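Some notes on the structure that comes next.
The values are calculated or read from the model by the stated rules, or taken from the named source; none is laboratory data. Just so you know, these numbers come straight off a predicted model, no measurement behind them. Neighbour counts are summed over all protein chains in view; Cβ atoms, including those assigned to glycine, are modelled from backbone coordinates with ideal geometry.
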Amino acid sequence: MDEQHTDPAGPASGGLDPRAGLSEFLRTRRARLKPEDVGLPDFGRHRRVPGLRREELAQLAGVSVAYYTRLEQGNGRNVSAEVLDSIARALRLTDAERAHLTHLAKPKRHRKKQAPRAQQTRVALRQLLDSMDTVPAYVVGRRSEILAWNRMAAALFGDWGRMPAQERNWARLVFLNPDHRELFVEWDQKASDMVAYLRMDAGCHPDDPQLSSLVGELSVKSEQFRRLWAAHDVKEKSHGVKRLRHPLVGELTLQWESFRPAGETEQSLVTYFAEPGSPSAEALRLLASWGADARRSGADAATP
């Protein structure tokens, strides 16, 4: 039987209800698979829903249609790890998606809600940042908050120290700050990665009021964010390549690496570097010589 869908985790609500998140995550993962993708016959009948039907997914996972239907309706309270693993295999989930599914189906229970504590960066980690004279580096925490950065990061990305603390947040910068939107040559990819990161965070911390508020604000102010949030995509990335468009030194192609500092489970140290001898390496050298005033100088130069 085909089924009709509603969106129980719409952007206005922030989508942080684990039941609603579980329902929509399973539905969107199922919708991206076709029968031929998983070795099932497609008899060419008109399909009223995209992707696999519930009964097809249940068959692949080895569970009853009724059981899977309850799960897709957000009732994962008594689901076993073995069943979740079977469903993950049937849906061909990535490692990040498997972890997200588990968090949604079996959210951590807290006896009472407590106001989130301000995130702190260890003094030694800040000293490490300061010692990296030629490498743009920063520490990012939960909710994509920028917690600490060095002089080179300020030269490359902007003087975050001049911003209110609430605005030092990568999601807000990417979707709401025109200067940072212009900075990323492949802005669409950066935006997609940012929303996928927030989705993972929401799965781990569905009762975080600050995260819910952030998602609600971005949903109201950015159509692109609403569209990406509704896709329920999740991913984890620890390295890659970014192309940046700096107002003073022009376009740079930089590699980045992300590390978890020892003892930190919710903070990452992110570093950027260029291929030795490349034009981008020379651009970073110039930024290092100009220091934190580089972004402001570039912005002033670009103003008629």
Quiz item: Looking at this structure, is residue 200 closer than 20 Å to residue 240 by Cβ, in contact with a Ser or Thr (Cβ under 7 Å, 6 or more places away or on another chain) and touching a residue at least 40 places away in the same chain (Cβ under 8 Å)?
Solution: no
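Results for (1) hydrophobic (A, V, I, L, M, F, W, C); (2) under 23 Å from residue 97 (Cα atoms); (3) modelled with pLDDT of 95 or more, shown as yes or no for each residue.
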position	(1), (2), (3)
185	yes, no, yes
195	yes, yes, yes
227	no, yes, yes
273	yes, no, yes
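Out of all the residues in the range 87-101, is one or more surrounded by 15 or more Cβ atoms within 10 Å (Cβ to Cβ) and among the hydroxyl-bearing types (Ser, Thr, Tyr)? Lay out the reasoning, then the answer.
Step one: of the range 87-101, the residues surrounded by 15 or more Cβ atoms within 10 Å (Cβ to Cβ) are 87-88, 90-91, 93, 96-101.
Keeping just the survivors that are among the hydroxyl-bearing types (Ser, Thr, Tyr) gives none.
Within the range 87-101, not a single residue is surrounded by 15 or more Cβ atoms within 10 Å (Cβ to Cβ) and among the hydroxyl-bearing types (Ser, Thr, Tyr).
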Quiz item: Conditions: (1) modelled with pLDDT of 95 or more; (2) within 27 Å of residue 127 (Cα to Cα). Residue 151 meets all but one. Number of the miss?
Solution: (1)
Self-check item: Candidate set: the range 175-225, residues that are of a type in the set (Ser, Thr, Tyr) and within 23 Å of residue 238 (Cβ to Cβ); chosen: the one surrounded by the most Cβ atoms within 10 Å (Cβ to Cβ)
Solution: 197
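Of these, 128, 147, which one is of a type in the set (A, V, I, L, M, F, W, C), in contact with a Gly (Cβ under 7 Å, 6 or more places away or on another chain) and surrounded by fewer than 22 Cβ atoms within 10 Å (Cβ to Cβ)?
Values: 128 fails: in contact with a Gly (Cβ under 7 Å, 6 or more places away or on another chain).
On inspection, the qualifying residue turns out to be 147.
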Quiz item: Which residues, taken from the range 30-69, are of a type in the set (Phe, Trp, Tyr) and either modelled with pLDDT of 90 or more or in a helix (DSSP H, G or I) (or both)?
Solution: 67, 68
Quiz item: Which of (1) closer than 28 Å to residue 104 by Cβ; (2) in contact (Cβ under 8 Å) with a residue 24 or more places away in the chain does residue 290 not meet, given it meets every other one?
Solution: (1)
Quiz prompt | Test for residue 27: is it modelled with pLDDT of 90 or more, charged (D, E, K, R) and under 30 Å from residue 259 (Cβ atoms) | solution = no
